[in-house]
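Peer 1: I'd like to ask you about the structure that follows.
The values are calculated or read from the model by the stated rules, or taken from the named source; none is laboratory data. All of these numbers come straight from a predicted model, not from anything done at the bench. As a convention, Cβ positions derive from the backbone with ideal geometry for all residues, glycine included, and neighbour counts pool all protein chains shown. Accessible surface is based on the protein model in full, side chains and every heavy atom, while ligands, DNA and RNA are left aside. Shrake-Rupley method; radii C 1.70, N 1.55, O 1.52, S 1.80 Å.
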Amino acid sequence: MNAIFFLPWCLLLALLAAALWQDIISRRIPNRLVLAGLLAGLACNALLSQGAGLFMADAGGLGLGKALLGMLAGGAMLLPLYLLRAMGAGDVKLMAVVGAFLGPLQAFGAALLTFLAGGLLALAAALFARSLPQVLNNLRLMLLYLASGREAGLRVSDAPTSGRLPYAVAIAIGTLLQLLLARVAGWPFGL
């Protein structure tokens, strides 16, 4: 593999590490970091010679069109949770950055793995803080809101929080799992 194809790995890992650090210490992911990530992902896919994806065995860019679709797919997967006020906008934007690097199919896989990682981390945090009943009650409220919404006068923001999880942790785990699984035969979100 050409040394230039290590550049996307370095960029994505550095961006995830910086977002993780910022989210842990300040519970925010700066817009300048998101913008740098979007530009890097789009540029790598547009400028590197065409291939199966930046992180595949036959490494190469997917092209600007697929990078843009990946960006949209990544952001769209987390957008409903933002609209429910269950997640911050920085998390949605960070998943869009991941999509710009991975393309639409792998962004979908990374988002699903992120949800899995986030759920397991939230469960572990709730068990550790002994707040599992509150977490389950909040989940019930979100499901009721989805089922009946504003007609019933419900608002997700009325639920008392049981703590905030820096979701960049889940995004980083989900993304790294996707990068590993994309090379495994039978994983539906590989190329």
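Peer 1: Ordering PHE128, PHE108, PHE101 by accessible area with a probe of 1.4 Å, largest first, what comes out?
Peer 2: From most exposed to least exposed: PHE128, PHE108, PHE101.
Peer 1: Using only Cα atoms and rounding to the nearest 10 degrees, what angle (0 to 90) does helix 64-83 make with the longest principal axis of the chain?
Peer 2: It works out to around 10 degrees.
Peer 1: Find the centroid of the Cα atoms in the range 1-64 and in the range 73-105, then give the distance between the two in whole Å.
Peer 2: 15
Peer 1: While we're here: Relative to the longest principal axis of the C-alpha atoms of the chain, give the angle of the C-alpha long axis of helix 132-148, reported between 0 and 90° and rounded to the nearest 10°.
Peer 2: For 132-148 against the chain, the angle is about 80 degrees.
Peer 1: While we're here: Using only the Cα atoms of the range 50-90, what are the Rg and Dmax in Å?
Peer 2: When restricted to Cα atoms, the range 50-90 yields Rg and Dmax of 13.9, 40 Å.
Peer 1: Determine the equivalent ellipsoid of the range 1-108 by diagonalising the alpha-carbon gyration tensor, then write out the semi-axes as square roots of 5 times the eigenvalues, largest first, rounded to whole Å.
Peer 2: Here the semi-axes work out to 24, 15, 10 Å.
Peer 1: Taking the chain as a Gaussian network, Cα atoms linked when under 10 Å apart, which of GLY119, GLY41, GLY99 shows the biggest mean-square fluctuation?
Peer 2: Result for the chain, Cα springs under 10 Å: GLY119 fluctuates most.
Peer 1: Turning to a different aspect of this structure: Let me check the size of the chain from its C-alpha atoms; what are the radius of gyration and Dmax in Å?
Peer 2: Answer for the chain, Rg first and Dmax second: 17.5, 59 Å.
Peer 1: Can you give the angle from 0 to 90° between the axis of helix 31-47 and the longest principal axis of the chain, with both taken from C-alpha atoms, to the nearest 10?
Peer 2: The angle comes out near 30 degrees.
Peer 1: Ok, one more. Residues with beta-carbon under 15 Å from that of GLY103, excluding GLY103: net charge, scoring Lys, Arg +1 and Asp, Glu -1? List each step's numbers first, then the result.
Peer 2: Values: positive: LYS66, ARG183; negative: ASP58.
Local charge sum for GLY103: +1.
Peer 1: Right, another one. What dipole magnitude, in Debye to the nearest 20, does the chain give about its Cα centre under +1 on Lys/Arg Cβ and -1 on Asp/Glu Cβ?
Peer 2: On the way: 12 positive and 5 negative charges, 79 e Å.
My answer is approximately 380 debye.
Peer 1: Taking R0 as 41 Å, what's the FRET efficiency between ILE4 and LEU120 from their Cβ-Cβ distance, rounded to 0.05?
Peer 2: 0.70
Peer 1: Looking only at LEU33, LEU123, LEU79, which one moves most when the chain is put into a Gaussian network model with springs between Cα atoms under 10 Å?
Peer 2: Most flexible of the set in this elastic network: LEU123.
Peer 1: Hey, in the GNM for the chain with a 10 angstrom Cα cutoff, which one of LEU132, LEU42, LEU113 fluctuates hardest?
Peer 2: LEU132
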